[in-house]
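Asker: Starting off with a structure, shown below.
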Amino acid sequence: QVQLVESGGGLVQPGGSLRLSCAASKPVYSIRAMGWYRQAPGKQRELVAVMTTIGRTNYGDSVKGRFTLSRDNAKSTVYLQMNSLRPDDTAVYYCNAVDEEDYWGQGIQVTVSS
């Protein structure tokens, strides 16, 4: 079983930056895939970014070039650096880990507004 603890959300102005963190209860390099999804009001949950055990990363089309997913093996934590934020990035962001099962964090609000 993998437990995930998210942090780092909040309110930011358009063009600003935020960094989300997701700490896992087991070494992140041993988890098959780990990353972030988001869900805006009235919309389906969508992929933001995901990284495999070998470090291959995929990004959703709407965040390419603005968001960066990274991990710190020593801290068993993945990070989502979000730059050039836009109002349409407003959503609840969920950390996800795919191991024997699919695991989700509790979700963290990111609001981009002036």
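The values are calculated or read from the model by the stated rules, or taken from the named source; none is laboratory data. None of the values given here were measured: they were computed from a predicted structure. As a convention, Cβ positions derive from the backbone with ideal geometry for all residues, glycine included, and neighbour counts pool all protein chains shown. Surface accessibility is based on the protein's heavy atoms, side chains included, excluding ligands, DNA and RNA. Shrake-Rupley method; radii C 1.70, N 1.55, O 1.52, S 1.80 Å.
Asker: Below 8 Å between Cα atoms, with a sequence gap of 6+, how large is the relative contact order for the chain in percent?
Answerer: 37 percent
Asker: Pop a pseudo-label 7 angstrom from the Cα along the beta-carbon direction at both residue 54 and residue 5 and give the gap in nm to one decimal.
Answerer: In this crude spin-label approximation the distance works out to 3.3 nm.
Asker: Leaving ligands, DNA and RNA out of it, report the carbon-plus-sulfur percent of the accessible area of the chain at a 1.4 Å probe.
Answerer: Carbon and sulfur together cover 46 percent of it.
Asker: In percent, how large is the relative contact order of segment 74-114, given Cα pairs closer than 8 Å and 6 or more residues apart?
Answerer: Relative contact order, segment 74-114: 40 percent.
Asker: Moving to a separate point now. Once the Cβ-Cβ distance between residue 114 and residue 45 is put in as r, and R0 is 25 Å, what FRET efficiency do you end up with, to the nearest 0.05?
Answerer: Step by step, r from the Cβ atoms, then E = 0.45.
Asker: How far apart, in nm, are two points set 7 Å out from the Cα along the Cα-to-Cβ line at residue 68 and at residue 104?
Answerer: With each label point 7 Å from Cα toward Cβ, the separation is 3.0 nm.
Asker: Here is a follow-up. At 1.4 Å probe radius, can you tell me the per residue accessible area of the chain in Å²?
Answerer: 53 Å²
Asker: Another question about this same structure. For segment 47-97 and segment 25-40, what is the separation of their Cα centres, given in Å?
Answerer: 9 Å
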